[in-house]
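The values are calculated or read from the model by the stated rules, or taken from the named source; none is laboratory data. Please read all numbers here as calculations on a predicted model, not as lab measurements. Ligands, DNA and RNA are excluded from the accessible area calculation, which covers all protein heavy atoms including side chains. Shrake-Rupley method; radii C 1.70, N 1.55, O 1.52, S 1.80 Å.
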Amino acid sequence: MAFGGGQVSNAPLAQADADGLGRTLSQAKGLLARGDAQGAMEKAEQIPPSSNLRNSADYKLIQSAWADDLFGKAAASSDASEKRTLLDKIARA
């Protein structure tokens, strides 16, 4: 026995998901504005790889600032192992 008889639309659910991802990106931008590039990147990485938001200018700005921060830390480090670890993080992103 079928209930409802019609097709179920996922449009409101999809919109709610998109709004939530937009909010996540906004929170990541806020962290970046406060100088927390690592926190901003961690927050931005909560956005699924399949999301179009990963192609947005804001996401790329966060990713770029995070990489710049790690490059700076690598340049300042005198420990070769630490430099390698930091540069590997950038390469994997």
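General remarks:
- Considering only alpha-carbon pairs that sit under 8 angstrom and 6 or more positions apart, the relative contact order computed for region 17-76 is 33 percent.
- Normalised per residue, the accessible area of region 47-93 is 65 Å², obtained with a 1.4 Å probe and no contribution from ligands, DNA or RNA.
- Taking 0.36 nm per residue of separation and subtracting the Cα-Cα distance, full extension of the segment from SER77 to GLN38 would add 12.3 nm.
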